[in-house]
Amino acid sequence: MELVIGSKRWSSWSMRPWLVLKRTGAPFHERLIRLYQADGATRAQILPHSPSGRVPALKTGGIVIAESLAICEYLAEVFPEAKLWPQDVDLRALGRSAASEMHAGFRALRLECPMDLARPVEPVPLSDEAQADIARVRALWTDLLGRSGGPFLLGDWSIADAFFTPVATRFRTYAVDPGTPELAAYMDRLLTWPDFLAWEAAGRLET
Ligand SMILES: N[C@@H](CCC(=O)N[C@@H](CS)C(=O)NCC(=O)O)C(=O)O
């Protein structure tokens, strides 16, 4: 398997399946393509590996899977022993719903607070739309942690947590109040997850 990813400092979409693949324990090759290069160089370097022109992409068994959520679902099917989704059908459905909502939404939060693992912590002015996104994240986290009993959204670490790890970095970088001590503690669990720390350390070394 080869996972094609973008710069670790910025590529929140790449981080999600990378964390999930790490969780499986399976060996894989990582191909990193620098984002934001001049003169279309980034797209030119991605295209031979990912026909969508975007990262992440997983090359496996003769196929190329694009889209972060599709990659994670594939890994959940191929590595059932990694328990990337919970056993409970309702909790699993809610986890999928949360990951899909993240994948398709939160546009204002993503635009106004882009992931940048090397940026010093400093707040930025936020639009009403971004504030609404933040309120929705808080509600989602509160609901899932309450239902599952924690320590992660669905109990054990899952794909849902991979999807919200970049959000936790944004809250930290832009000094966004998580809202409650329980949510602060959840954020802290995401941001001290060993695989995240390894990704972050590499991202901070990138120029
Ligand atoms: N919906 C896609 C989004 C992928 C995406 O937007 N990737 C960005 C990097 S984070 C990209 O490939 N950008 C290409 C470029 O900047 O040329 C997914 O979930 O995988």
Taking only protein heavy atoms into account and a 1.4 Å probe, give the accessible area per residue of segment 118-207 in Å². 45 Å²
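How much length is gained if the chain between residue 116 and residue 177 is pulled fully straight, taking 0.36 nm per residue apart and subtracting their Cα-Cα distance, in nm to one decimal?
20.2 nm
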For segment 37-47, just list the computed ³J(HN,Hα) in residue order, Karplus coefficients 6.51, -1.76 and 1.60, θ = phi - 60°, integers in Hz, with x standing in for Gly and Pro. 7, 6, 6, x, 5, 4, 4, 4, 7, 6, 3
For segment 20-35, Karplus-derived ³J(HN,Hα) couplings (6.51, -1.76, 1.60; θ = phi - 60°; whole Hz; x for glycine and proline) come out as 5, 5, 4, 4, 5, x, 6, x, 8, 9, 10, 10, 9, 10, 6, 7
Which percent, to the nearest 5, of DSSP beta bridges fully inside segment 1-59 are antiparallel? 40 percent
Counting only residues 5 or more apart in sequence or on a different chain, those whose built amide H sits under 5 Å from that of residue 6 are 14, 33
Residue-wise, which Karplus ³J(HN,Hα) couplings in Hz belong to segment 181-189, taking 6.51 cos²θ - 1.76 cosθ + 1.60, θ = phi - 60°, and x for glycine or proline? x, 5, 6, 4, 5, 5, 4, 4, 5
Can you give me the C-alpha center-to-center distance between segment 16-49 and segment 144-207, rounded to a whole angstrom? 21 Å
Share, in percent, of DSSP beta bridges within the chain that are antiparallel, nearest 5: 65 percent
Run the quick spin-label model on residue 49 and residue 188: label points 7 Å from Cα toward the beta carbon, then report their separation in nm to one decimal. 3.6 nm
Ranked from the most accessible area to the least, with a 1.4 Å probe and all protein chains present, what is the order of 22, 83? 83, 22
Roughly how many Å² is the accessible area per residue of segment 2-82, as a whole number, for a 1.4 Å probe? 47 Å²
Surface share of carbon and sulfur [accessible, 1.4 angstrom probe, percent] for the chain: 54 percent
Distance (nanometres) between label positions extended 7 Å along Cα→Cβ at residue 2 and residue 201: 2.6 nm
Grab the Cα-Cα distance for residue 64 and residue 107, subtract it from 0.36 nm times how many residues apart they are, and report the gain in nm with one decimal. 12.8 nm
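The values are calculated or read from the model by the stated rules, or taken from the named source; none is laboratory data. The model shown is predicted, which means the values in this text are computed figures rather than measured ones. Reconstructed Cβ throughout: ideal geometry from the backbone, glycine too, with neighbour counts over all protein chains shown. The accessibility values were calculated without ligands, DNA or RNA, using every heavy atom of the protein model including side chains. Shrake-Rupley method; radii C 1.70, N 1.55, O 1.52, S 1.80 Å.
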